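What follows is a set of notes on a single structure, which appears directly below.
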Amino acid sequence: QVQLVESGGGWVQAGGSLRLSCAASGRFAVGWFRQAPGKERDCVAAISWSGSTIYYRDSMKGRFAISRDNAVNTVYLQMNSLVPEDTAVYYCAGRLVGASSVVYSVAGEYNVWGQGIQVTVSS
């Protein structure tokens, strides 16, 4: 059974940084999503299998950076200038693809999910 495994979450003060990792073995397009209590699960960033196509939610542009290293089957989400509103459970999601440059930004387009990891930003 294919699994995605997130790591790197935790607690940080406002203004700080965290880097999340997603172990994703397979030809996956990958998205990072987050869900705060009482809110919908939203895509914050997504990357194609080749890394050539990247999507960012508008409010993340300039603060978050998604990248991948297919040699080690890992997708990263670098999060900088964190604010308390970034507090949420973060999930990575994958979809096996044939095309190398396709990217998806809607949760329903992914069929493999990690277990989620908590990120807490204190003021």
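The values are calculated or read from the model by the stated rules, or taken from the named source; none is laboratory data. From a predicted model like this one, the values you see are computed outputs, not experimental measurements. Here the Cβ positions follow ideal geometry from the backbone for every residue, glycine too, while neighbour counts run over all protein chains shown. Areas reflect the complete protein model, heavy atoms only, side chains present, ligands, DNA and RNA absent. Shrake-Rupley method; radii C 1.70, N 1.55, O 1.52, S 1.80 Å.
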Open item on the list: Which condition from (1) exposed (fewer than 15 other Cβ atoms within 10 Å of the Cβ); (2) closer than 20 Å to residue 23 by Cα; (3) among the aliphatic types (A, V, I, L, M) is the one that residue 83 breaks?
Closed with: (2)
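Considering each of 67, 25, 52 in turn, give the residue that is under 11 Å from the mean Cα position of the chain (by Cα), more than 24 Å from residue 123 (Cα to Cα) and among the hydroxyl-bearing types (Ser, Thr, Tyr).
On the way: 25 fails: under 11 Å from the mean Cα position of the chain (by Cα); 52 fails: under 11 Å from the mean Cα position of the chain (by Cα).
Step by step, each of 67, 25, 52 is checked, and only 67 is under 11 Å from the mean Cα position of the chain (by Cα), more than 24 Å from residue 123 (Cα to Cα) and among the hydroxyl-bearing types (Ser, Thr, Tyr).
Residue 96: modelled with pLDDT under 95 and either among the hydrophobic types (A, V, I, L, M, F, W, C) or under 18 Å from residue 24 (Cα atoms) (or both), yes or no?
Working: modelled with pLDDT under 95: yes; either among the hydrophobic types (A, V, I, L, M, F, W, C) or under 18 Å from residue 24 (Cα atoms) (or both): yes.
Taking the combined requirement at face value, the residue satisfies it.
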Open item on the list: For the condition surrounded by fewer than 20 Cβ atoms within 10 Å (Cβ to Cβ) and of a type in the set (D, E, K, R), what is the one hit in 41, 34?
Closed with: 41
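Do we find that residue 72 is under 18 Å from residue 23 (Cβ atoms) and open to solvent by 40 Å² or more (accessible area, probe 1.4 Å) in this structure?
Considered against the rule, which asks whether it is under 18 Å from residue 23 (Cβ atoms) and open to solvent by 40 Å² or more (accessible area, probe 1.4 Å), residue 72 comes out as yes.
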Open item on the list: Considering only the range 53-67, I want to know if a residue exists there that is hydroxyl-bearing (Ser, Thr, Tyr), open to solvent by 30 Å² or more (accessible area, probe 1.4 Å) and in contact with a Phe, Trp or Tyr (Cβ under 7 Å, 6 or more places away or on another chain).
Closed with: yes
Open item on the list: Being touching a residue at least 40 places away in the same chain (Cβ under 8 Å), of a type in the set (Phe, Trp, Tyr), more than 23 Å from residue 15 (Cα to Cα) and touching a Ser or Thr at 6+ places or on another chain (Cβ under 8 Å): is that true of residue 113 here?
Closed with: no
Open item on the list: Quick test for you: out of 76, 90, pick the one residue that is in contact (Cβ under 8 Å) with a residue 60 or more places away in the chain and assigned to a strand (DSSP E or B).
Closed with: 90
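Determine which member of the set 63, 27 is among the charged types (D, E, K, R) and modelled with pLDDT of 95 or more.
Within the list 63, 27, the selection yields 63.
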Task: First in the range 35-58 and touching a residue at least 12 places away in the same chain (Cβ under 8 Å), second anywhere and in a strand (DSSP E or B) and polar (S, T, N, Q), Cβ under 9 Å, 6 or more apart - done: 41/35; 42/35; 47/67; 51/67; 54/67
